[in-house]
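Report on the following structure.
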Amino acid sequence: MIRIFLFCCSILPLRANHFLGSLIGKFIYHFNSDAKRVSIQNIALCFPELSQQERDALVKQSLIETGKGLTESGIVWNESFNDNAKYIRRFIGKEHLDSTEKTILLTPHIGCWEITGRVIACDRALTFLYKPLNKSGQDAYLFERRNQGNLTMASADRSGVLKLQRAMAKGHLIGILPDQDPGKEGGLMAPFFNQSVNTMTLLAKLTKKNNAKVIILWAKRLDKGRGFDLIAEPIDILSGAKNIFEQVSKMNSAIEALVRQCPEQYLWSYRRFKSSHSYDE
């Protein structure tokens with residue numbers, strides 16, 4: 001069913017595609033969905049300075065952007081990498097990816113994260129870490145759509161980490177989505193939006209072990225279906241950090257600064273704070 005829906009989305013022009021996504025987001029907002037409930041709680045935790053009216057407006061807009069993210073996935077996954085690249089209006093900071101240094105791409109769940117790796121893989125080999133879905137059928141479909149051409153997917157386990165290491169040794173780029181709960185053994189508690197949250201340590205460990213540079217990479221969704229701005233910005237998580245906790249905290253601080261630039265495009269419907277917060281059902 002999801003394949004048929006995404007294929008139908010893929011044949012729409014991006015403006016019509018995003019219009020459909022907006023309708024889906026508004027539908028989710030106007031009903032007592034899990035996505036809405038989680039978004040309300042996350043935004044209240046992260047933006048206590050906002051009024052109730054401002055938080056409600058941010059919840060609504062974030063769910064509209066989430067709806068666009070769903071429908072645009074049909075285009076991203078069903079078109080070629082080169083066709084994906086045609087939607088990029090500006091590539092800001094491209095020069096940061098032109099060096100031969102070992103490089104880790106840090107890609108949070110903001111904007112159109114699905115398009116980032118595919119556009120980069122038009123020019124460079126890239127291995128991206130991903131967390132398999134619990135539903136095997138959906139996971140197989142997503143793996144098939146993502147693992148193409150110069151883009152190789154590595155599962156978030158020991159074998160996947162070894163695949164990342166081998167890729168870096170070959171001079172390939174590697175990518176990590178760092179803002180998912182890594183489980184008990186894969187992270188430590190570190191501040192994020194003044195909350196203590198279980199945060200992955202892998203990116204910091206790989207950075208230090210390989211003396212790699214870290215680039216925050218994200219695709220900002222433009223209004224009226226105009227496409228995306230791809231933005232690459234280097235960050236330093238090692239300098240001045242005395243230990244792994246401080247390195248991870250610097251990483252979270254960089255992600256938070258990015259989210260504050262464009263909060264409506266962040267995935268607030270994910271239970272990011274489940275390690276320290278009990279979500280109301």
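Computed quantities for the displayed model
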item	result
Calculated P(r) of the stretch 150-281 - Cα pairs past 22 Å, %	43
Contact order normalised by residue count of the stretch 1-78, Cα under 8 Å, 6+ apart, percent	56
Within the chain, longest stretch clear of exposed trypsin sites (Lys or Arg not before Pro) (DSSP loop, no more than 12 other Cβ within 10 Å)	1-85
For the stretch 88-93, Karplus couplings with θ = phi - 60° (6.51, -1.76, 1.60), whole Hz, Gly/Pro x	7, 7, 9, 10, 8, x
Cα centre as origin, Lys/Arg/Asp/Glu Cβ charges: the stretch 69-166 dipole, Debye	180
The stretch 1-78: C-alpha gyration tensor shape, a/c 1.5 cut-off, then a/b vs b/c	prolate
Fraction of antiparallel bridges per DSSP, the stretch 82-265 only, in percent to nearest 5	45
Listed residues Ser159, Gly227, Ile176: farthest to the positive end of the dipole of the stretch 142-281 (Cβ charges)	Ser159
Over the stretch 95-187, volume per residue of the alpha carbon convex hull, in Å³	112
Reach of Lys213 by Cα under 13 Å, taken over aspartates and glutamates that are not fewer than 8 positions away in the same chain	Asp98, Glu101, Glu233, Asp236
Cut-off 11 Å between beta-carbons: net charge of the residues surrounding Gln180, Lys and Arg +1, Asp and Glu -1	+2
Charge sum, other residues only, whose C-beta stays under 10 Å from Val76's C-beta, Lys/Arg counted +1 and Asp/Glu -1	-1
About the Cα centre, charge dipole magnitude for the stretch 1-78 (Lys/Arg +1, Asp/Glu -1 at Cβ), debye	240
Residue-by-residue Karplus 3J(HN,Hα) for the stretch 163-179, coefficients 6.51, -1.76, 1.60, Hz, glycine and proline x	5, 4, 4, 5, 5, 5, 4, 7, x, 7, 6, 10, x, 9, 8, x, 10
For the stretch 181-189, Karplus couplings with θ = phi - 60° (6.51, -1.76, 1.60), whole Hz, Gly/Pro x	5, x, x, 5, 8, x, x, 9, 7
Dipole magnitude of the chain, debye to nearest 20 (Cβ charges: Lys/Arg +1, Asp/Glu -1, about Cα centre)	480
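Read-outs: derived from the displayed coordinates by stated rules, not from any lab. The structure presented is a predicted model; accordingly, all values stated were derived computationally and were not measured. Neighbour counts are summed over all protein chains in view; Cβ atoms, including those assigned to glycine, are modelled from backbone coordinates with ideal geometry.
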